[in-house]
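One structure is given below, encoded as structure tokens.
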Ligand SMILES: [Ca+2]
């Protein structure tokens, strides 16, 4: 629009509607989800042992969430809640055997964003269907997926990978270095149009392997910690922190930093607590595979220059099923989201405007069932409903069910109501190592 026209339009007060109608903001979306990182493993979440200056800076430039949760305590089903917007009691992939697939009719975040014209790429661990099958990422809305399909394949960092189900030999190269490079390349290749970059990166998941010459390893390899795994996990976290910094620098170099919303989170709680070293779960009970807070509460940071208030901290309780409606609203395609999902957009919280709708309750199941509603957490176990006040008791030590029988009764109802019989959880082929 030329300057004179702009001035004329401003005089008549019609410039803003015109801009709204013609220049719909379509920010790039980067969603980095690392694997098995504990709630307290980042400096900005209190770590004293693991160096994460770039992610800490990201938190200072954006919003840090204190009460965000994964959709489950393990990899595959957590990804299913993230990709589909349904909580664990409703989501298609409930088991963690490795090859339980999404079906063609399932709607993923990537499919929703494609409706808005986004280029879609995934780099890391898919976990929702084997290569070449209907559940494969490139048949579920991703233009390009590079990495591991079956999550059992991801239990080593020295193996082959797949690009859109085609095998790629790495000749002994560390898989994550390759996955990171491809993540960067995707940004470069799509700098001109809106893109959705999904990075379900696999560190610091076991196996605890890192190249001897990885710069992050040099920081930790001689630490006096008794556990070698603790050193490797720290190095993996610091390596990814450096890579988050590199992505940020690339966005700036390409001139798209301001046009990009970037998230950082973990797919479930810490696999190992490293008590006495990293204290990855702090005072919280449990770890990966537990529905206590240590198994499901995750770090979550969102940065969107000019839109999210820098240095903000939110205690809004939310979880992975909320990601689909949030990203859909950001991309202005909320109408493409299936009507019956469990997620609620958190865009009002991110932008600090509008009314944030709250969950009546958030639901998890993994052996036991758990629910959070407001400050209350309920865990149904062995026929008893344990009730905790998470503001007073994040360690979940004081069962208040006898003191608050009416709340306990409400939570019992939620725990029954949240569960729906799963559809077939049959693998689309066992992992063979090939
Ligand atoms: Ca995981």
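What's the number of the condition residue 267 fails, among (1) away from the ligand (no atom under 16 Å from the Cβ); (2) over 22 Å from residue 227 (Cα atoms); (3) crowded, with 23+ Cβ neighbours inside 10 Å?
All conditions pass for residue 267, except number (1).
Can you confirm whether residue 315 is assigned by TED's automatic domain parsing to the domain that holds residue 44, more than 16 Å from the ligand (Cβ to nearest atom), at pLDDT 95 or above and surrounded by fewer than 16 Cβ atoms within 10 Å (Cβ to Cβ)?
Values: assigned by TED's automatic domain parsing to the domain that holds residue 44: yes; more than 16 Å from the ligand (Cβ to nearest atom): yes; at pLDDT 95 or above: yes; surrounded by fewer than 16 Cβ atoms within 10 Å (Cβ to Cβ): yes.
Yes, satisfied.
Tell me yes or no: at least one residue of the stretch 242-262 is within 16 Å of the ligand (Cβ to nearest atom) and either outside any loop (DSSP other than H, G, I, E, B) or at pLDDT 95 or above (or both). Write out each step before concluding.
Within the stretch 242-262, the subset within 16 Å of the ligand (Cβ to nearest atom) is none.
No - not one qualifying residue is present in the stretch 242-262.
Select from the stretch 65-74 the residues that are within 12 Å of residue 33 (Cβ to Cβ) and either surrounded by fewer than 24 Cβ atoms within 10 Å (Cβ to Cβ) or away from the ligand (no atom under 11 Å from the Cβ) (or both) and list them in ascending order.
Applying the first criterion (within 12 Å of residue 33 (Cβ to Cβ)) to the stretch 65-74 yields 68, 70-71.
Answer for the stretch 65-74, where residues must be within 12 Å of residue 33 (Cβ to Cβ) and either surrounded by fewer than 24 Cβ atoms within 10 Å (Cβ to Cβ) or away from the ligand (no atom under 11 Å from the Cβ) (or both): 68, 71.
I'd like to know if the stretch 133-153 contains one or more residues that are over 22 Å from the mean Cα position of the chain (by Cα) and in the same structural domain as residue 115 (by TED's automatic domain parsing).
Yes, the stretch 133-153 contains a residue that is over 22 Å from the mean Cα position of the chain (by Cα) and in the same structural domain as residue 115 (by TED's automatic domain parsing).
Enumerate the strands (runs of 3 or more DSSP E) found wholly within the stretch 75-185, keeping only those where 3 or more residues are crowded, with 23+ Cβ neighbours inside 10 Å. Lay out the reasoning, then the answer.
Numbers: elements: 119-125, 144-148, 161-163, 166-168.
In the stretch 75-185, the matching strands (runs of 3 or more DSSP E) lie at 119-125, 144-148.
Looking at the stretch 410-425, which of the residues that are over 25 Å from the mean Cα position of the chain (by Cα) and in contact (Cβ under 8 Å) with a residue 24 or more places away in the chain is surrounded by the most Cβ atoms within 10 Å (Cβ to Cβ)?
Only one residue fits best here, namely 411.
Report yes if residue 181 is within 23 Å of the chain's Cα centre (by Cα), over 24 Å from residue 61 (Cα atoms), assigned by TED's automatic domain parsing to the domain that holds residue 84 and more than 16 Å from the ligand (Cβ to nearest atom), otherwise no.
On the way: within 23 Å of the chain's Cα centre (by Cα): yes; over 24 Å from residue 61 (Cα atoms): yes; assigned by TED's automatic domain parsing to the domain that holds residue 84: yes; more than 16 Å from the ligand (Cβ to nearest atom): yes.
Spelling it out, residue 181 is indeed within 23 Å of the chain's Cα centre (by Cα), over 24 Å from residue 61 (Cα atoms), assigned by TED's automatic domain parsing to the domain that holds residue 84 and more than 16 Å from the ligand (Cβ to nearest atom).
Any residue in the stretch 63-73 that is assigned by TED's automatic domain parsing to the domain that holds residue 140, under 21 Å from residue 415 (Cβ atoms) and not in a loop (DSSP other than H, G, I, E, B)? I'd like the intermediate steps shown before the answer.
As a first pass, look at the stretch 63-73 and keep what is assigned by TED's automatic domain parsing to the domain that holds residue 140: 63-73.
With under 21 Å from residue 415 (Cβ atoms) added as a condition, the list becomes 67, 69-73.
Now narrow it down to the ones that are not in a loop (DSSP other than H, G, I, E, B): 69.
So far as the stretch 63-73 goes, yes, one or more of its residues are assigned by TED's automatic domain parsing to the domain that holds residue 140, under 21 Å from residue 415 (Cβ atoms) and not in a loop (DSSP other than H, G, I, E, B).
The values are calculated or read from the model by the stated rules, or taken from the named source; none is laboratory data. This is a predicted model, so every value here is computed, not measured. Counting neighbours? That spans all protein chains shown, and the Cβs are built from the backbone with ideal geometry, glycine included.
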